[in-house]
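The values are calculated or read from the model by the stated rules, or taken from the named source; none is laboratory data. Since the model is a prediction, treat every value here as computed from it, not as a measurement. Reconstructed Cβ throughout: ideal geometry from the backbone, glycine too, with neighbour counts over all protein chains shown. The area values use the complete protein model at the heavy-atom level, side chains included, leaving out ligands, DNA and RNA. Shrake-Rupley method; radii C 1.70, N 1.55, O 1.52, S 1.80 Å.
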Amino acid sequence: MKRNTRIVAAVIAFAASAILAASTLCTWAIAHGASMRWRLLFRALCHGIPKRCLELWSVPMPICARCVAIYLGLIAGIALFMILPRLQEITARGILGFGILPMFVDGITQLAMLRESTNPLRIETGLLAGMAFALWALTAVESHVLSTA
């Protein structure tokens, strides 16, 4: 694995892990007496609608189930990149398209009020999208050739 790919993988893993850890810590703090207003810190990252959030310690996390799954998917996608044979970037881009399609359909049909999504479905679609994105991003960086002019 190239140096730039390792750097991008580390940045993705760190960001995803930090957001998951911070949201878990926030949930724990609220469960132990902190104000629910701490959830607002995560508003820039996610809508945080309580009924769409996973619960820890009987408190909804500040990020929704889909976002939790996307961040977990990013980490899983890094592991997947490491164990899979190298893909061409165009193949990884196709995988990304197919990987985000279920999340897109789920979100659009819910937005159009055709149906109500469920947290298990949000988790499945988020994991798939996160893994596909990480796989594509790392493949793109790995296959990029720097030109020296």
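When the residues of segment 71-103 are filtered to those that are closer than 23 Å to Thr24 by Cα and β-branched (Val, Ile, Thr), the one that is farthest from the chain's Cα centre (by Cα) is Ile78. Checked against (1) surrounded by 15 or more Cβ atoms within 10 Å (Cβ to Cβ); (2) within 16 Å of Trp136 (Cα to Cα), Gly97 passes all but condition (1). In segment 75-87, the qualifying residues are those that are outside any helix (DSSP H, G or I) and in contact (Cβ under 8 Å) with a residue 12 or more places away in the chain, and the one that is most open to solvent (accessible area, probe 1.4 Å) is Arg86.
Taking the stated definitions as given, is Leu72 among the hydrophobic types (A, V, I, L, M, F, W, C), part of a helix (DSSP H, G or I) and closer than 14 Å to Leu127 by Cβ? Don't jump to the end; show me each part of the working.
Working: among the hydrophobic types (A, V, I, L, M, F, W, C): yes; part of a helix (DSSP H, G or I): yes; closer than 14 Å to Leu127 by Cβ: yes.
Yes, satisfied.
Taking every residue in segment 26-44 that is farther than 18 Å from Val68 by Cβ and pairing it with any residue that is among the basic types (Lys, Arg), at least 6 positions away or on another chain, yields no pair with a Cβ-Cβ distance below 8 Å. Count of segment 88-129 residues, restricted to those that are touching a residue at least 24 places away in the same chain (Cβ under 8 Å) and among the aliphatic types (A, V, I, L, M), is 9.
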